[in-house]
Amino acid sequence: MSGRFIRCFSDPMNAPARVSGYQNAHQALCDRRLVQSMYSECNVLMERVLLTLHGEAHTCRRAIEWKLFRRDFARYYEREVYPATVARTLAPYLARGRLDLPEFGFRVNINLSADIAGIDRPDGAIEETDALVALTRKFGEGATLFHSTRDKDVVRNEVTDALNEFNQRFLLPAKSRREALLTRIAEGSLAEEEAPRDILTVLLANRADQDLDDDMILREVAFFMQAGSHSSANALTHSFHELDQWCRGHPEDRDRLLTDDLFLQRCVHESLRLHPASPVAWRTASEAFALPDGTDVAEGDSVVIDLMSANLEEPLFGEDAAHFNPHRSVADRIPPFGLSFGIGIHTCFGRDIAGGLGNARAEGEAPHLGTLTNLLRNLFQHHARPDPANPPLVDAGTERHNWGSYPLLIGQEPDTAGTAT
Ligand code: HEM
């Protein structure tokens, strides 16, 4: 019997084709014949943003935006900007002695998102940050609508309202300021290096070449607001939870959380591996071809890339791959976080900023730890620990396994053994 006949076929009337295992998933994520398809549920936000573009349009948009994310930016941000942001955001929670971890994660990363997206915060007031957090959380709900358990039309309407408010209050003033600066640069009265280094400026400077209308710019900037904070807030909460559980069973590792930054970073990577932002990536075949495992797909077929199965592959991550173990050794050339930042065409822009660069650094330089490790270190330095009176709750609004609330006590000495610090 020829190989042709023993292949499986995907059946579009039933289940979509499924790509499992690390190498197959890796190959599929790099395959240009597979087009992004998980975000069309919320076109009001996601239509033609970077994550949903394909082919030439995606390559061109990615090329102009990627320039902002060179490694020097991640290092600069971590050293120069982030410590002050974290200290400022943490202060009121320290005074109160408690915080809700997903909410805190969102609030601290909203500054990162706004800096990258190009949203000014002229007041610097708490109310202004509150408004940005609420709007960006709504964008996050829109971007993940595929997995929402809420009425999708209701969510779409809420996202539309949030976009209108964001446009009036935040985007239009930020745009006017940047347009005036770009005019001065074009006239020669301002040096090009004086232009703000953010997505909005890049889009305005390239709007004619890239065919960008006002609505497109609004969606792209709103998308970056959520991309920079939503996944990070969830990843922070998962990491804290995994570490808390780990230290209960391995008290000998507790001190290392405060003394060994690279160990803490390994814990973050291990948690990211076990908790990818989405356990699957959906794509549509743009033509008929055979998937990496030999399954034939026809044009228009849906393909599910199973990131979870990739991240749990035992030959690469060990027999205990399904469990959190920061001491595991991982196969050569496989990232410790697996495919949790994607790979190939849509590889995450924020991978180095959020996850850091491990031990890779120039001689004499401090390791680049990433925002997640830095945040956890700050929390542990302030004795953050689960609030025994308020257990964490899963997020019932999504099929993704995220924490909806995770109350912590912070700022006093831990009173009992068995807490994370
Ligand atoms: C723990 C934090 C994060 C995780 C787990 C994460 C995960 C991912 C994943 C899996 C993708 C690819 C999706 C796909 O292939 O369908 C992606 C894309 C993307 N991420 Fe992240 N992300 C994180 C943080 C960030 C941050 C801080 C930014 C900063 C702006 C960011 C910006 C982006 C952008 C712009 C894309 C789209 C890239 C493209 O389509 O070419 N992410 N992210």
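The values are calculated or read from the model by the stated rules, or taken from the named source; none is laboratory data. The structure presented is a predicted model; accordingly, all values stated were derived computationally and were not measured. All Cβ positions, glycine included, derive from the backbone under ideal geometry; neighbour counts span all protein chains shown.
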message = Which count do you get for residues in segment 94-120 that are touching a strand residue (DSSP E or B) at 6+ places or on another chain (Cβ under 8 Å), of a type in the set (A, V, I, L, M) and surrounded by fewer than 23 Cβ atoms within 10 Å (Cβ to Cβ)?
response = 0
request  = Pull up segment 185-215, narrow it to residues that are of a type in the set (A, V, I, L, M, F, W, C) and part of a helix (DSSP H, G or I), then point me to the one that is surrounded by the most Cβ atoms within 10 Å (Cβ to Cβ).
outcome  = 199
task = Kindly establish whether residue 281 is within 16 Å of the ligand (Cβ to nearest atom), in a loop (DSSP other than H, G, I, E, B), within 20 Å of the chain's Cα centre (by Cα) and surrounded by 18 or more Cβ atoms within 10 Å (Cβ to Cβ).
result = no
request  = Give 255, 260 a once-over and let me know the one that is within 22 Å of residue 354 (Cβ to Cβ) and without any contact (Cβ under 8 Å) to a residue 40 or more places away in the chain.
outcome  = 260
remark   = Filtering segment 145-176 for residues that are surrounded by 15 or more Cβ atoms within 10 Å (Cβ to Cβ) and within 12 Å of residue 204 (Cβ to Cβ) leaves a count of 3
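Okay, residues lined up against (1) touching a Phe, Trp or Tyr at 6+ places or on another chain (Cβ under 6 Å); (2) closer than 22 Å to residue 205 by Cβ; (3) in contact (Cβ under 8 Å) with a residue 24 or more places away in the chain:
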site	(1), (2), (3)
32	no, no, yes
36	no, no, yes
40	no, no, no
43	no, no, no
49	yes, yes, yes
59	no, yes, no
63	no, yes, no
66	no, yes, yes
69	yes, yes, yes
key: Failed item in (1) under 24 Å from the mean Cα position of the chain (by Cα); (2) modelled with pLDDT of 95 or more; (3) more than 25 Å from residue 108 (Cβ to Cβ), with residue 376 passing the rest   = (3)
ask   = Can you pull out the residues in segment 263-276 that are among the aliphatic types (A, V, I, L, M) and more than 10 Å from the ligand (Cβ to nearest atom)?
value = 264, 274
message = Pairs needed: first member in segment 272-283, touching a residue at least 12 places away in the same chain (Cβ under 8 Å); second member anywhere, of a type in the set (Phe, Trp, Tyr) and outside any strand (DSSP E or B); C-beta distance under 7 Å; at least 6 residues apart or different chains.
response = 272/337; 273/337; 274/324
request  = Confirm whether residue 215 is closer than 30 Å to residue 398 by Cα, modelled with pLDDT under 95 and not basic (Lys, Arg).
outcome  = no
Complete set of residues in segment 223-249 that are within 8 Å of the ligand (Cβ to nearest atom) and either of a type in the set (Phe, Trp, Tyr) or outside any helix (DSSP H, G or I) (or both) = 223, 224, 228, 229
request  = State the number of residues belonging to segment 25-52 that are closer than 21 Å to residue 306 by Cα and within 11 Å of the ligand (Cβ to nearest atom).
outcome  = 12
Cross-chain or 6+ apart pairs with Cβ under 8 Å, segment 96-123 first and over 16 Å from residue 65 (Cβ atoms), then among the aromatic types (Phe, Trp, Tyr) and outside any loop (DSSP other than H, G, I, E, B) = 99/93; 101/240; 101/403; 102/403; 104/93; 120/170
task = Output the number of the condition that residue 271 fails; it satisfies all remaining conditions of (1) in contact with a Lys or Arg (Cβ under 6 Å, 6 or more places away or on another chain); (2) surrounded by 20 or more Cβ atoms within 10 Å (Cβ to Cβ).
result = (1)
request  = For residue 141, work out the one condition from (1) in a helix (DSSP H, G or I); (2) farther than 22 Å from residue 106 by Cα it doesn't fulfil.
outcome  = (2)
task = Give just the number: which of (1) under 26 Å from residue 370 (Cβ atoms); (2) among the polar types (S, T, N, Q); (3) loosely packed, with under 14 Cβ neighbours inside 10 Å does residue 59 not satisfy?
result = (1)
inquiry  = Can you go through 260, 253, 301 and tell me which one is away from the ligand (no atom under 15 Å from the Cβ) and in contact with a strand residue (DSSP E or B) (Cβ under 6 Å, 6 or more places away or on another chain)?
reply    = 301
